[in-house]
Amino acid sequence: MTNGFFFSYPGYNETLTGAGDPRINSNDNIPNPNVTVFEWLNQKKDFHGKVAAFGAWENFDGIFNKARSGIIVNSSYDLFTAMPVTPELATLNHLKEDSVRIWPDEIFDPPMFYTALEYAKYARPRVLFIGLGETDDWAHSGSYAEYLSAAHRSDEYIAKLWTLVQSMPEYKDTTTLVVVPDHGRGEGPKWTTHGQETPESSQTWMAWLGPDTAGLGERKNVGPVTESQVAATLASLLGEDYHAAVPKSGAPIADVLPK
């Protein structure tokens with residue numbers, strides 16, 4: 001991470017815009033003054049109306065600047081109304097209304113994740129963001145058992161998403177999944193937290209799975225990459241040069257792209 005704060009809003013801003021911003025120095029749910037790569041893509045003819053974001057945390061409304069960006073953003077307990085109501089979607093919206101609210105600003109991952117899948121099946125978006133949240137919340141709560149359960153569910157969700165895209169002709173063998181946390185965590189007894197007081201939480205990981213990326217497994221003995229490179233790499237996989245348009249962004253990750 002290059003943003004210097006090592007917590008959520010600054011991390012998502014770096015990942016989605018390609019650069020840290022000292023103005024993004026809290027987790028307050030404020031409209032992002034920066035244009036994310038999702039908003040930038042949505043401004044292009046080939047992507048307009050085909051970009052969407054779903055997240056468990058209500059702050060995704062601000063991170064993606066829902067009011068300005070023009071992309072579909074559905075977060076936290078908000079009911080999803082941007083598509084015809086199917087029986088599945090009706091059930092998911094009821095679950096959102098009736099969920100136990102342990103965290104007032106963040107819903108459990110399952111209703112959000114399956115809402116995103118319903119939208120993917122209906123709208124066939126070109127670019128889709130899904131923001132899980134339970135691993136972070138259970139870690140902050142100090143519940144290691146629930147933390148591991150949430151991580152296991154996240155693995156299952158990645159598998160279900162991959163299975164879905166491979167079952168749809170619009171996506172089969174042409175889709176890349178990008179998996180990246182918004183920050184790392186502290187070590188030892190500080191595993192429950194992150195931020196400037198735990199500098200090791202500046203270190204994290206990312207995974208790219210798709211037809212354009214060589215299947216080299218876990219990379220070792222290679223140069224470092226940063227979250228600031230994710231936006232330009234994502235755009236490059238779609239045939240767009242975000243780094244040229246936003247020079248302050250990190251350059252695309254060469255090892256992710258076709259040789």
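Here, each number is a calculation from the coordinates, and none is a lab measurement. Computed from a predicted structure; not experimentally measured. Don't worry about glycine lacking a Cβ; one is built from the backbone with ideal geometry, like all the others, and counts go over all protein chains shown.
For Thr198, no residue 5 or more places off, or on another chain, has a built amide H under 5 Å of its own. When the Gaussian network model of the chain links Cα atoms closer than 10 Å, the mean-square fluctuations of His152, His243, His183 top out at His152. Excluding the sites themselves, what is the longest stretch of the chain that contains no GluC sites (Glu not before Pro) in a DSSP loop with at most 12 other C-beta atoms within 10 Å? The segment 1-169 is the longest one with no such site.
Highest GNM mean-square fluctuation among Gly184, Gly20, Gly210, for the chain modelled with Cα contacts below 10 Å: Gly210. Ranking Ser154, Ala214, Gly195 by how far each Cα lies toward the positive end of the dipole of region 133-243 (charges on Cβ) leaves Ala214 at the top. The H on the amide N of Ala53, modeled in the peptide plane, is under 5 Å from the matching H of Ile72, Val73, Asn74, Phe129, each at least 5 residues off or on a different chain. Only DSSP H runs of four or more residues enter the estimate; each adds -39500 (n - 2.57), and after division by the residues of the chain the mean residue ellipticity at 222 nm equals -10500 deg cm²/dmol.
Put a plus charge on the Cβ of each Lys and Arg, a minus charge on the Cβ of each Asp and Glu, and nothing anywhere else: the dipole of region 8-256 about its Cα centre is then about 660 debye. Spatially, region 224-259 and region 131-187 are offset by 22 Å when compared through their Cα centroids. Listed values for region 240-254 are Karplus-derived 3J(HN,Hα) couplings in whole Hz (6.51 cos²θ - 1.76 cosθ + 1.60, θ = phi - 60°), namely 10, 9, 5, 4, 5, 6, 10, x, 6, 6, x, 6, x, 7, 4, and x replaces Gly and Pro.
Applying a threshold of 23 Å to the alpha-carbon distances of Lys45/Lys259; Lys172/Lys259; Lys50/Lys121 flags Lys45/Lys259 as lying beyond it. For region 143-180, trypsin sites (Lys or Arg not before Pro) meeting the loop criterion (DSSP other than H, G, I, E, B) and having at most 15 other Cβ atoms within 10 Å: Lys172. Using DSSP, restrict attention to beta bridges with both residues in region 8-256 and report what percent are antiparallel, rounded to the nearest 5. Roughly 40 percent of the DSSP beta bridges within region 8-256 come out antiparallel.
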